[in-house]
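For reference, the structure discussed in these notes is given below.
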Amino acid sequence: MEKRVAIIGAGISGLLACKYTASIGLKPMVFEEQGNVGGLWNHTIESTRLQQIKQSFEFSDFPWPSSADINPRSSQLVEYLQSYALNFDLLPFIKFNSRVMSMDYVGESEQEMQSWELWAGSGKAFGSKGRWILKVLDAKDHSVKEYEAEFVVPCIGRFSGLPNIPEFAPGYGPEMFSGKVLHSMDYSAMDNASAAELIKGKRIAIIGAGKSAVDIAYECANANGNDNPCTLIQRTIHWMFPDARPWGVNYGFLVLNRFSELMIHKPGEGFLSSVLATLLTPLRWGVSKFVESYLRWKLPLKKYGMIPEESFVTGASGCSIFFLPNENLYDKVEDGSIVLKKSKCFTFCKQGLILDGENDPIKADIVIFATGYKGDEKLKNMFASPSFQSYIAGSPNSAIPLYRQMIQPRIPQVAIIGYSESFSNLFTFEIRCKWLAFFLDQAFELPRIKAMEKEAEAWEKYMERYAGKHKRRRACIGCVHVWYNDQLCRDIGCNSRRKKGFFSELFEPYGIADYNGLA
């Protein structure tokens, strides 16, 4: 049978999927909606920088140029991705300005698929007679073309495309506001000059508690100072780090090594691992308090009522912590150019926003929602089959059930890269794409569907236990990334112990360089 592979998206995960698929002799078709590689990084605000230092966010076989900043700007990252695509000759595989509107699986009846005990009927990447029909819109001539592929790799990510905007009762929403309302996606899509003109001299209110909300607030504060302070309204407070060395200890030694993971109950762990994690619970609590005490000391959290309700471990497990290495939000708060507010609920009025428990409105000219994206819905809408859509949707309170954070057990010949998060997404995406290349090259087969679903359920329970019920829709391997990578290594038949020496293996942080040579 033919082995045609379609990849959707040419961001970080799409480029990696293309490179490693091509490395085993296949010729992938990559469909990219924009006119350039880089994905969402083509639409980030001017001041955005990587949270990590560049050495922890780079391709294993393509280092950053020495001229790049320690924490590169978004424009530098786009240049880096473009250089990567050129260096590995990936551009000939990419069809730019091509948006995949839908994908439909044909060649196997739904009744037959429901009878399968193995994924795709055989557990193999190309073991079924079915194929995918992709309808692709050409942005230049607005024509719709159909392409066929035996295997599809969606690399569309979770943080673009479909904005998440809170719903309001009639008479309390944006329609009541006399100013302008937009989502951070719209603001980020503007060119630098247009964005600067939009916010200059305006009273800006931003809804959100993540990195994008803080980045936009910082940019508004730089533009307007305390003459027109920016109001940042956070519904849930998250831990934010001014650096990655709490009390002088490298963050990697606290979270990103094997010893730190001994304190965590891991998905699918054995009896001894479970007992050890239980015995080390007090130490896990101590590590969390160690980090939190540093942040309380370093930042005026108590002064401004910005101490998160969740623990550090909870935030790290849900990938909701973030780093601000080149900017201190509280410097802007202290000088009056940013005003912090905390409110679970708010409504619109003509002058601006009314927060729960306050009588006076927050007057604003512009309100920006930095409230994330509907990544699940964006992915679901790509599938033409209602059954496949329901598999992607899962239950309202859980993340998309994915085996190895990539494979939906009941959707054949699809691997989803870029949905589940980590502290360094590039690192995680590269490991997954190496695993995918082995799978496409038929180096191993997947287990039974029931076993795959059981593993997905174990990850859901892990997220509920450590990240909390309200974050179960979020897929994150933050505190167990070594454990996760061990599973991928075992699948492809590689040694999961990548360090030299007992103490190095136990205590040194793991990074992308440790997995060189897997593919």
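The values are calculated or read from the model by the stated rules, or taken from the named source; none is laboratory data. As the structure is a computational prediction, the values presented were derived from the model and not from experiment. FYI the Cβ positions are ideal-geometry reconstructions off the backbone, even for glycines, and counts take in every protein chain you see. Surface accessibility is based on the protein's heavy atoms, side chains included, excluding ligands, DNA and RNA. Shrake-Rupley method; radii C 1.70, N 1.55, O 1.52, S 1.80 Å.
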Checked the range 315-383 with the C-alpha gyration tensor, a ≥ b ≥ c its square-rooted eigenvalues, rounded below a/c of 1.5, otherwise prolate if a/b is larger than b/c and oblate if not; verdict oblate
Which lysines have a Cα less than 23 Å from the Cα of Lys135, not counting those fewer than 8 places away in the same chain?
Lys3, Lys27, Lys95, Lys145, Lys374, Lys378, Lys380
Need one value: the accessible area of Ser128 in square angstrom, 1.4 angstrom probe, rounded to the nearest 10.
10 Å²
Prolate/oblate/rounded call for the range 132-262, Cα gyration tensor, a/c under 1.5 rounded:
oblate
Ranked from the most accessible area to the least, with a 1.4 Å probe and all protein chains present, what is the order of Leu518, Leu162?
Leu162, Leu518
Tell me which aspartates and glutamates have Cα within less than 19 Å of Lys454's Cα, excluding those fewer than 8 residues away on the same chain?
Glu117, Glu269, Glu445, Glu464, Asp486, Asp491
Could you pull out the trypsin sites (Lys or Arg not before Pro) across the range 170-205 that fall in loop regions by DSSP (anything but H, G, I, E, B) with no more than 15 other Cβ atoms inside 10 Å?
Lys200
Please compute the contact order of the chain in relative form: average sequence separation of alpha-carbon pairs under 8 Å and at least six residues apart, divided by the residue count, as a percent.
21 percent
Can you send over the solvent-accessible area of Lys454, 1.4 Å probe, protein chains only, in Å² to the nearest 10?
150 Å²
Determine the dipole magnitude for the chain: charges of +1 sit on the beta-carbon of Lys and Arg, -1 on that of Asp and Glu, nothing else is charged, the reference point is the Cα centre, and the result goes in debye to the nearest 20.
900 debye
What is the sum of charges, Lys and Arg at +1 and Asp and Glu at -1, for the other residues whose Cβ falls under 10 Å from the Cβ of Trp132?
-1
If I compute solvent accessible area with a 1.4 Å probe over the protein chains, what percent of it on the chain is carbon and sulfur?
52 percent
Checked the range 249-384 with the C-alpha gyration tensor, a ≥ b ≥ c its square-rooted eigenvalues, rounded below a/c of 1.5, otherwise prolate if a/b is larger than b/c and oblate if not; verdict oblate
What does the net charge come to around Leu446 if you take all other residues with beta carbon closer than 15 Å to its beta carbon, with K and R at +1 and D and E at -1?
+2
Quick one: if you stick a label point 7 Å off each Cα along the C-beta vector at Cys345 and Glu110, how many nm between them?
4.0 nm
If I stretch the segment between Glu148 and Arg490 completely, what's the gain in nm (0.36 nm per residue apart, minus their alpha carbon distance), one decimal?
119.9 nm
Would you work out the relative contact order for the range 368-450, in percent, from Cα pairs under 8 angstrom that are 6 or more residues apart?
15 percent
Please report the relative contact order for the range 1-110, taking Cα pairs under 8 Å with a sequence separation of at least 6, and give it as a percent rounded to a whole number.
33 percent
Treat every Asp and Glu Cβ in the range 397-519 as -1 and every Lys and Arg Cβ as +1, leave all other atoms uncharged, and give the resulting dipole magnitude about the Cα centre to the nearest 20 debye.
360 debye
In the neighborhood of Glu505, defined by Cβ-to-Cβ distances under 15 Å, what is the net charge if each Lys or Arg adds +1 and each Asp or Glu adds -1?
+1
Provide the per residue accessible area, probe 1.4 Å, for the range 66-221, rounded to a whole number of square angstrom.
47 Å²
Cα principal axis extents for the chain, largest first, Å
67, 60, 47
When the helix-only estimate is applied to the chain (DSSP H runs of n ≥ 4, each -39,500 (n - 2.57), divided by the residue count), what is the mean residue ellipticity at 222 nm, nearest 500 deg cm²/dmol?
-9500 deg cm²/dmol
Leading residue at positive end of dipole, the range 300-420 (Cβ point charges), from Pro386, Ile362, Gln351:
Pro386
If you average the alpha carbon positions of the range 141-156 and of the range 48-69, how far apart do those two centres end up, in angstrom?
31 Å
Amide H neighbours of Arg203 under 5 Å, at least 5 residues apart or on other chains, H built in the peptide plane: list them.
Asp365, Ile366
Taking the mean number of other Cβ atoms within 10 Å as a proxy for protection, how do you rank 28-39, 408-419, 166-177, 72-83 from highest to lowest?
408-419, 28-39, 72-83, 166-177
Place a +1 charge on the Cβ of each Lys and Arg in the range 1-109 and a -1 charge on the Cβ of each Asp and Glu, then give the dipole magnitude about the Cα centre in debye, rounded to the nearest 20.
60 debye
